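Have a look at the structure below before the remarks.
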Amino acid sequence: MEGKPDLFSIKRILLLMASLVVVCAFDMAEASAKPNIIVILTDDLGCSDIGCYGSEIDTPNLDRLAANGLRFTQFYNTAKCHSSRVSLLSGRWCRQAGDTSLRRAVTIPEALASAGYFTAMTGKWHLDKEPTDFGFNRFFGHLSGSCNYYRGDKTFRLNGKPWAVQEKGFYTTVANVDYAIQFLEEARAVKQPWFLYVAFNAPHAPLQPLEADYKKYLGRYDAGWDVIRSARVAKQKQLNLFGCAVEPSPRPDHVPAWDSLQPEARDWEARRMAAYAALIDRVDQELGRLFSAIEARKELDNTLIIFLSDNGACPYDRRRGGSDRDPCNADVTWSDSTGWAWVRNSPFRFYKQNQFEGGIATPAIIHWPAGLKTKPGALIHSPAHLVDVLPTLAEVAGASVPETWPGREIVPLAGISLAPIFAGQSITLRPPIHLLFSSDRGLRDGNWKLVSFQSEPWELYNIARDRTELHNVIVGNPAVAECMIKQWHDMTANVLHAPAKECAPVAAVASEQRHREWSDYSTGGSTSSRKDNGMTKGKKKSRENAK
């Protein structure tokens with residue numbers, strides 16, 4: 001039997017607080033100026049979708065940030081769009097913060113405003129009210145959960161007022177950076193340090209790339225998902241992201257071998273991945289434009305940049321219209337592919353919404369030449385979460401996080417400051433990471449991870465030995481499982497104040513996973529009854545591999 005988990009307790013919290021007081025990450029008195037701050041959040045980006053995390057997609061600007069900064073290898077999101085945004089902006093678990101209402105939290109821009117920051121946002125909001133109601137001085141973007149890349153939607157706003165998308169020449173990813181650059185000029189005019197939050201819609205469906213970007217990738221994915229995934233895992237091992245001996249998850253039963261697809265299906269899937277890649281490439285190009293504008297102002301050295309994704313790659317094949325047409329326009333709305341989502345989450349299992357590593361592991365790049373004391377290109381293997389961003393930014397900016405706010409009932413922060421890591425220190429103690437979205441649940445405590453797939457029984461993994469969650473050890477570790485299950489329920493009830501229906505099974509037994517709205521390659525459609533493309537050569541039942 002393996003050892004018991006390092007349980008969440010009052011003693012652990014006191015030790016953690018003491019360690020963070022003794023190990024001060026930054027002497028702000030030595031800083032000549034408060035750092036400018038950029039937080040970049042992509043949408044549905046898989047953990048292996050950029051070059052410095054294993055991808056073949058061209059992302060030179062992000063790769064340059066990583067080479068000169070640091071990368072986390074165990075940074076978590078919440079596995080879903082809006083809940084990740086709540087946790088990022090509030091420093092609290094989504095339900096704890098009041099969900100999309102944020103009624104129990106103070107946000108990053110509200111906290112930074114107390115330290116004299118000009119605050120701006122562009123892109124996707126996906127929460128209640130508008131960004132200008134939660135501390136942002138400037139906002140351009142859409143309030144909705146996704147939008148048409150060429151046409152936008154009716155929820156676009158500019159500084160709290162409706163904004164009509166122009167009929168020609170508009171592209172969401174480009175517009176986000178246009179306004180980001182404009183807002184920074186406004187911040188400079190008033191001579192304030194600035195906080196910029198860029199929340200790209202990309203690469204969320206509909207897959208509508210720019211034509212030049214799309215043509216660049218046509219033909220690159222003809223080899224298929226088996227070959228591309230093997231190449232990504234090999235590159236990840238070369239980069240030592242998850243250890244050279246990491247055991248990649250096998251292709252699940254619900255994703256057929258590439259060679260078993262009919263030629264027309266292979267052609268369609270290769271083009272669909274080319275569209276994904278083009279969306280990601282465009283994000284990198286626009287970030288390069290933003291970084292160049294900042295560098296031209298000689299501000300890049302003292303600008304803290306954080307790059308993240310809101311969840312793992314999306315497997316939901318909800319609409320497949322127009323697969324025989326060019327996707328580079330507003331009228332074609334290609335959707336997601338489960339097969340390629342498996343690739344994009346390499347080397348992990350599962351997808352967006354699931355609390356397995358494939359759903360919650362995000363690329364996390366930190367760049368700050370004036371502030372980082374780590375070696376360029378450093379890999380940080382300490383677990384971290386979106387809830388840690390607010391306390392981290394508050395510390396490096398010298399800002400206080402208000403404990404009261406008019407009209408809200410503020411609850412304590414869930415996250416911890418990562419500033420010691422920036423200073424070349426380590427964080428040896430942290431509270432458990434609570435995982436919950438809908439019926440998918442989990443808990444990360446030390447090297448142990450408890451996880452439940454869509455209300456099915458719990459599974460237990462030793463992440464230090466089995467990062468890809470292939471070997472469920474719950475049967476051999478009943479005491480560990482019992483403690484962590486109780487711990488999850490205690491946190492859910494007493495910290496998140498979630499209703500009883502949110503509680504997952506208590507039984508510690510092995511489980512079998514089922515698909516939900518994943519691509520059904522046996523019929524050429526999906527579980528949502530869309531029938532649009534080629535069939536596999538042989539039909540097989542969709543079922544996730546479980547060990």
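The values are calculated or read from the model by the stated rules, or taken from the named source; none is laboratory data. Predicted model only: the values in this text are computed from it and were never measured. Because the Cβ atoms are built from the backbone with ideal geometry, glycine has one as well, and the counts that use them run over all protein chains shown.
What do you reckon, is D336 outside any strand (DSSP E or B) and at pLDDT below 95? Criteria met by D336.
Every residue in region 156-182 that is polar (S, T, N, Q) and part of a loop (DSSP other than H, G, I, E, B), please.
N159, Q166
Scan region 379-396 and tell me whether some residue there is within 17 Å of L196 (Cα to Cα) and assigned to a loop (DSSP other than H, G, I, E, B). Scanning region 379-396 turns up no residue that is within 17 Å of L196 (Cα to Cα) and assigned to a loop (DSSP other than H, G, I, E, B). Applying a threshold of 6 Å to beta carbon distances and a minimum spacing of six or more residues, or different chains, the list of pairs starting in region 291-318 at a residue that is under 21 Å from Y117 (Cα atoms) and ending at one that is of a type in the set (A, V, I, L, M) and part of a strand (DSSP E or B) reads L304/I37; I305/I38; I306/V39; I306/I366; F307/I40; F307/I365. Taking the criterion of being among the aromatic types (F, W, Y) and within 30 Å of I421 (Cβ to Cβ), the residues of region 291-339 that qualify are F291, F307.
Is one or more of the residues making up region 459-477 among the hydroxyl-bearing types (S, T, Y), over 22 Å from R251 (Cα atoms) and either exposed (fewer than 14 other Cβ atoms within 10 Å of the Cβ) or within 25 Å of the chain's Cα centre (by Cα) (or both)?
Checking region 459-477: not a single residue is among the hydroxyl-bearing types (S, T, Y), over 22 Å from R251 (Cα atoms) and either exposed (fewer than 14 other Cβ atoms within 10 Å of the Cβ) or within 25 Å of the chain's Cα centre (by Cα) (or both).
Among the numbered conditions (1) more than 29 Å from A234 (Cβ to Cβ); (2) at pLDDT below 95; (3) among the hydrophobic types (A, V, I, L, M, F, W, C), the only one that A293 does not meet is (2).
Per-residue answers, yes or no, for (1) surrounded by fewer than 23 Cβ atoms within 10 Å (Cβ to Cβ); (2) in contact with a Cys (Cβ under 9 Å, 6 or more places away or on another chain); (3) at pLDDT 95 or above; (4) hydroxyl-bearing (S, T, Y):
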residue	(1), (2), (3), (4)
N68	yes, no, yes, no
T78	no, yes, yes, yes
C94	no, no, yes, no
E110	yes, no, yes, no
S114	yes, no, no, yes
M121	no, no, yes, no
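The set of residues from region 361-375 being in contact with a Gly (Cβ under 7 Å, 6 or more places away or on another chain) and either over 22 Å from V401 (Cβ atoms) or modelled with pLDDT under 95 (or both) comprises A361, I365, H367, L372, K373, T374.
Working carefully through the options I421, I410, find the one that is β-branched (V, I, T), outside any loop (DSSP other than H, G, I, E, B) and more than 30 Å from T338 (Cα to Cα).
Every option except I421 fails the conditions.
Pairs linking a residue in region 33-60 that is at positive phi to a residue that is hydroxyl-bearing (S, T, Y) and at pLDDT 95 or above, with Cβ atoms under 6 Å and 6 or more positions apart or on different chains, are G54/S48. For region 209-216, the criterion of being surrounded by fewer than 20 Cβ atoms within 10 Å (Cβ to Cβ), over 23 Å from V387 (Cβ atoms) and free of Cβ contacts under 8 Å to residues at least 40 places away in the same chain is satisfied by at least one residue. Of all residues assigned to region 326-348, at least one qualifies as being among the hydrophobic types (A, V, I, L, M, F, W, C) and in contact with a Leu (Cβ under 8 Å, 6 or more places away or on another chain).
So, in region 438-465, how many residues would count as being of a type in the set (G, A, S) and at pLDDT 95 or above?
First, pick out the residues of region 438-465 that are of a type in the set (G, A, S): 438-439, 442, 446, 452, 455, 464.
Within this subset, residues satisfying the condition of being at pLDDT 95 or above are 442, 446, 464.
Here the count works out to 3.
Scanning region 224-279 for residues that are under 23 Å from D520 (Cβ atoms) and of a type in the set (A, V, I, L, M) yields a count of 10. Counting only strands (runs of 3 or more DSSP E) that sit wholly inside region 68-155, those with at least 2 residues that are closer than 20 Å to I360 by Cβ are 70-72.
The residues of region 52-86 that are small (G, A, S), within 30 Å of V106 (Cβ to Cβ) and over 16 Å from the mean Cα position of the chain (by Cα) amount to a single one, G69.
Residues that are at pLDDT below 95 and either within 25 Å of E110 (Cα to Cα) or surrounded by 21 or more Cβ atoms within 10 Å (Cβ to Cβ) (or both): does region 406-427 have at least one? Yes, some residue in region 406-427 is at pLDDT below 95 and either within 25 Å of E110 (Cα to Cα) or surrounded by 21 or more Cβ atoms within 10 Å (Cβ to Cβ) (or both). Scanning region 145-158 for residues that are surrounded by 16 or more Cβ atoms within 10 Å (Cβ to Cβ) and free of Cβ contacts under 8 Å to residues at least 60 places away in the same chain yields C147, G152, T155, F156, R157.
Being touching a helix residue (DSSP H, G or I) at 6+ places or on another chain (Cβ under 8 Å) and not in a loop (DSSP other than H, G, I, E, B) is not true of P402. Please determine, by comparing only the residues of region 448-491 that are among the basic types (K, R) and not in a strand (DSSP E or B), which one is farthest from H434 (Cα to Cα). Step by step, filter region 448-491, then rank; the result is R465.
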